[in-house]
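> I'd like to ask some things about the structure below.
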Amino acid sequence: MLAKIDTGAVDCLFEHGYGEALGLRVEEGVRKTYATANSRFEAYGHEISIRVLDVETTATVYFFADGSIEKNVLGRRGWLDRLRFGLVDYEQAVYISDYNK
């Protein structure tokens, strides 16, 4: 699965179908309403393990209630807050490691 790193996103948000693929009953998760500058949407939270580039964390992430939303976002709570993250724009490089290592 591909996901974008979004330092402005509070939570990690994933497509509804990925939750189903994990065997979750998405709608039985913790319901949360999000409001952005141009939209409003519902999502359901579940605790799962996320593994990105050999860094694994367990966190509550949210799956969009609307199955037509095709977006996956790694946000601050549950992912960025557990990593050391570096971006070097002129080298087009991203550095990621476990926060505790």
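> Work out the length of the dipole vector of the chain about its Cα centre, built from +1 on the beta-carbon of each Lys and Arg and -1 on the beta-carbon of each Asp and Glu, and round it to the nearest 20 debye.
Magnitude of the dipole: close to 260 debye.
> Still on this structure, I have one more. Would you tally the net charge around residue 39, using a Cβ to Cβ cut-off of less than 13 Å, leaving residue 39 out, and scoring K and R as +1, D and E as -1?
On the way: positive: 40, 71; negative: 42, 66.
Summing Lys and Arg as +1 and Asp and Glu as -1 gives 0.
> Tell me, what is the per residue accessible area of the chain in Å², probe radius 1.4 Å?
68
> Among rounded, prolate and oblate, which fits the stretch 35-80 when a ≥ b ≥ c are the square roots of the eigenvalues of its C-alpha gyration tensor, a/c under 1.5 means rounded, and a/b larger than b/c means prolate?
Taking the square roots of the gyration eigenvalues as a ≥ b ≥ c, the stretch 35-80 is prolate.
> Report the Stokes-Einstein translational diffusion coefficient (µm² s⁻¹, integer) for the chain, Rh taken as the Kirkwood radius over Cα pairs, at 20 °C with viscosity 1.002 mPa s.
My calculation gives 150 µm²/s for D.
> Shifting gears a bit: Rounded to a whole number, what % of the accessible area of the chain do carbon and sulfur atoms account for, probe 1.4 Å?
Details: 3210 of 6850 Å².
With neighbouring chains kept in place, the figure for the chain is 47 percent.
> Now, a different point. Using a 10 angstrom cutoff on alpha carbons, build the Gaussian network for the chain and name the most mobile of 20, 70, 91.
Of the options given, 91 has the highest mean-square fluctuation.
> Between 13, 83, 53, which gets the highest mean-square fluctuation from a Gaussian network model of the chain, Cα cutoff 10 Å?
Most flexible of the set in this elastic network: 53.
> Hey, with R₀ at 22 Å, roughly what FRET efficiency would residue 100 and residue 34 work out to, going by the Cβ-Cβ distance, to 0.05?
0.15
> Which of 88, 26, 52 ends up with the largest GNM mean-square fluctuation for the chain, with Cα atoms connected below 10 Å?
88
> For the chain, give me the percentage of DSSP beta bridges that are antiparallel, rounded to the nearest 5 percent.
Of all bridge pairs located within the chain, approximately 80 percent are antiparallel.
The values are calculated or read from the model by the stated rules, or taken from the named source; none is laboratory data. Given the structure is predicted, the values throughout are model-derived calculations rather than measurements. For neighbour counting, all protein chains shown are included, and Cβ atoms are generated from backbone atoms with ideal geometry for every residue, glycine included. We work out accessible area using only protein heavy atoms, side chains counted, and drop any ligands, DNA or RNA first. Shrake-Rupley method; radii C 1.70, N 1.55, O 1.52, S 1.80 Å.
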